[in-house]
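Nothing in this text is a laboratory measurement; each read-out follows from the coordinates by a stated rule. What you are looking at is a predicted structure, and each value in this text was computed from that prediction instead of being measured. Cβ sites come from the backbone with ideal geometry, for glycine too, and all protein chains shown count toward neighbours.
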Amino acid sequence: MDLLNAFVALSNFVLIPAIAYGSQLALGALGVTLIYGILRFSNFAHGDTMAFGTMVTILFTWLFQSWGISLGPLPTALLALPFGILGCMALLLFTDRVVYKFYREQKAKPVILVIVSLGVMFIMNGLVRFIIGPDDQRFADGERFIVSVRTFKEMTGLEEGLAIKTTQGITVITAVIVVAALFWFLNRTRTGKSMRAYSDNEDLALLSGINPERVVMITWMIVAALATVAGVLYGLDKSFKPFTYFQLLLPIFASAIVGGLGSPLGAIAGGFTIAFSEVMVTYAWKKVAGYALPESLAPDGLAQLLSTDYKFAVSFVILLIVLLFRPTGLFAGKSV
Amino acid sequence: MNETVKNTALFALVAVLIIGTGFLQSWNSALFILNFGLISAIMALGVNLQWGFAGLFNVGIMGFVALGGLATVLVSMPPTTDAWAAGGGGVIVALLMGAATIVVTALVIKRMPAGWLRTVIVLALLIGGFFVYRWLFDPAVARIEAVNPASTGYLGGINPGGAAWGWMTLVAWPVGGLLAAGVAWIIGKTALGLRSDYLAIATLGIAEIIIAVMKNEDWLSRGVKNVIGLPRPAPYEIELQSDPAFLERAASLGMDPVTASTIWVKLVYAGLFAVVLVILFVLAQRALHSPWGRMMRAIRDNENASEAMGKDVTARHLQVFILGSAICGIAGAMMTTLDGQLTPGTYQPLRFTFLIWVMVIVGGSGNNLGAVLGGFLIWFLWVQVEPMGLLLMQAITSGMTDGSPLKVHLIESAAHMRLLTMGLVLLLVLRFSPRGLIPER
């Protein structure tokens, strides 16, 4: 029995990766939930929006790298991030103008907007593959670790090592900053309040003189920022591949729905719920159990509940369980 | 009359496009487009049943198509006797045990009053059942996968005749439909109560899970190692090329034997697929114009009113969900037959779910003829956009110097034009002709 080592192993393989992944999912789910709250449809193009923003960021990162600009220990991508956000904003505002606006004026049914977003998804997916290709791109540079396994072992003298990647640290810090800024904006500023008013009751908001087009425009801009940040953080942490971003749609939607569509707080809770369950169910617990349990009870096999390829299944099962018992999600979401 | 002329013209256009491919490129590629067009049309019929008739937003088509493919393997491949001897019984016992756990849990939830005791019992049953299941399942699977892993390592199918009994593959088509219908029943029972967006996400997730299972459960269908060389209902090209009667006929038509044999095989498939398409189309058409079809559309247009008229909305939804999924399963089995192999790694939602949706929307949702037209037309585009995009890119870049990075990049990226084009077609149709090319009557 060695609880300290067990805890270190648990942090290294479960807690830290799950917190980083959860932050990325939460940022993605915030975007989905905002669109659902304000524009009242489920945006299937969100994964590809993330891919587009990330792609622009990567292109700028490469440009800066070729100029020899870097942030020292931090990845250059952070410097390129604002440009990625701007590019993504431009794309989303353009799509809204040429595609979504027409259906909004027609007051089309939400399901029509969902199908329209499928079309947008195809186009964005094609665009990203067209510009950067369908392959894996790694663009992380700078220092790889905040704490590496060896320094940790030397520092503490423990048998088990603990590594914190720079990208994981950056993910969590960025996510906290972005979420704090978002909540401050939604709750404290006039524009944010008008957005929430519009989301709660469209007619009443119109009556009190809120300009719907402005609300929609600002929503798209915030969504672009959130999607790009989420995408870049995910890409830094793992790697960038257009198809993977398309597949992220499922855990992101699961997070948004588990939390309750339309509820920003729910999106964050949902993101972490999904991330922790995915990591915990697909992690081989042999090592942790080997430390935490007395020797006679230690498992022989890997003690892995499901193979890692079933991580989609996990997010989906959580989604179903929550929907069956709380049909509008943990933080009562809305339904159109 | 006007409408008939228009529809005939649209179908004639598709025929011209396919025949034109035959003259301009090759008859092999024309028949390739025709065969996959027939399959796509069947898938589009299935989706049209769900979306056009009943307004169910199912984006899990890929899963049902894959299940059809799985059925082809399970029916048409010869059984691996060694693997069955090694662990077949073990796997079946484990699966029965897993199913029993779920049934008992469902019974407990249904029969016991709600309370902490029920929660505890349900959790204990599920967790205990899972570990017992894995304890039974894992060693059996390990034994099966150890049997000659390079070529088998799975249980195989039920076809005792092997490659000689190619007609067993035809049996696999309805079985594929049944398998898809069975899974659709389970999904429908749990997910159809959800609202439209939630149902969409749920089906999207289920499709991914089905693919994940097929990729990982090597004992079932070899996973990503693929099953190749499925027995086929059509003759083999090699056999035709050594058949004197066939050679004589090919010579009398003035064709060389290799081309003649590949074209003949494709024609046989086209005939088989066309029969299935016609049968399903007639059935779908009869369903649409029956009282049942009118009820479905009434439910689609106003659920509350139909419920007030005493229609069981949930049961009808479940029914049409199962029927539509079964059609997709049949199409999936046919596609795997045509490919001659099952490759779970190639199932991608863009190609097998969203492309089918484009077909239905472009063709005209709620109209079977429209769905069939959309299937052919969009499949033709999907195949032909790539060479067309390449031509376009070559035209654009013709002014640039050879070997400039931009030119290389543009020409290499032409392959990705098809996704862009599909999105563009979908958006244009939705905007300017939202009811599709052949609208619902």
- Message: Only Cα pairs within less than 10 Å get springs; with that Gaussian network setup on chain A, which residue of A:ILE69, A:ILE19, A:ILE257 has the largest fluctuation?
- Response: A:ILE69
- Among all the lysines, which ones have a C-alpha under 25 Å from A:LYS101's C-alpha, if same-chain residues fewer than 8 places away are not counted? A:LYS109, A:LYS193, A:LYS334
- How many angstrom lie between the C-alpha centres of the range B:56-110 and the range A:102-178? 35
- Item | chain B: C-alpha gyration tensor shape, a/c 1.5 cut-off, then a/b vs b/c | oblate
- Message: Charges on Cβ only, +1 for Lys and Arg, -1 for Asp and Glu, centred on the Cα centroid of chain B; of B:VAL175, B:LEU410, B:TRP292, which one is farthest towards the dipole's positive end?
- Response: B:TRP292
- Exposure proxy order (Cβ contacts within 10 Å, fewest to most) of A:SER70, B:SER261, B:SER151: B:SER151, A:SER70, B:SER261
- Item | When each of A:LYS241/B:LYS407; A:LYS286/B:LYS110; B:LYS110/B:LYS215; A:LYS241/B:LYS266; B:LYS266/B:LYS407; A:LYS165/A:LYS287 is checked by Cα-Cα distance, pairs over 32 Å | A:LYS286/B:LYS110; B:LYS110/B:LYS215; A:LYS241/B:LYS266; B:LYS266/B:LYS407
- Checked the range B:54-120 against the a/c 1.5 cut and the a/b vs b/c comparison, axes a ≥ b ≥ c from its Cα gyration tensor; verdict oblate
- Note on the structure: Honestly the protein assembly as shown on the Cα gyration tensor test (a ≥ b ≥ c root eigenvalues; a/c under 1.5 rounded, otherwise a/b vs b/c for prolate or oblate) is just rounded
- For the range B:140-195 versus the range A:187-242, the gap between their alpha-carbon centres in whole angstrom: 46
- Message: Counting other beta carbons within 10 Å of each residue's own, what order do B:ARG111, B:ARG351 fall into, fewest first?
- Response: B:ARG111, B:ARG351
- Test item: Cα-centred dipole of the range B:283-356, Lys/Arg +1 and Asp/Glu -1 on Cβ, debye: 180
- Item | Dipole moment magnitude, nearest 20 debye, the protein assembly as shown about Cα centre, only Lys, Arg, Asp, Glu C-beta charged | 1980
- Electrostatic dipole magnitude of the range B:80-155 [Cβ: Lys, Arg +1; Asp, Glu -1; Cα centre; debye, to 20]: 440
- Message: Going Cα to Cα from B:LYS311, which lysines come in below 22 Å? Please leave out same-chain ones fewer than 8 positions away.
- Response: B:LYS189
- In terms of Cα to Cα distance under 21 Å, which lysines are near enough to B:LYS6, apart from those fewer than 8 places away along the same chain? none
- Could you line up B:ARG297, B:ARG418, A:ARG138 from fewest to most neighbouring Cβ atoms inside 10 Å? A:ARG138, B:ARG297, B:ARG418
- Query: Which of B:THR81, B:VAL91, B:ALA106 sits farthest toward the positive end of the charge dipole of the range B:80-155, with +1 on the Cβ of Lys and Arg and -1 on the Cβ of Asp and Glu?
  - Reply: B:ALA106
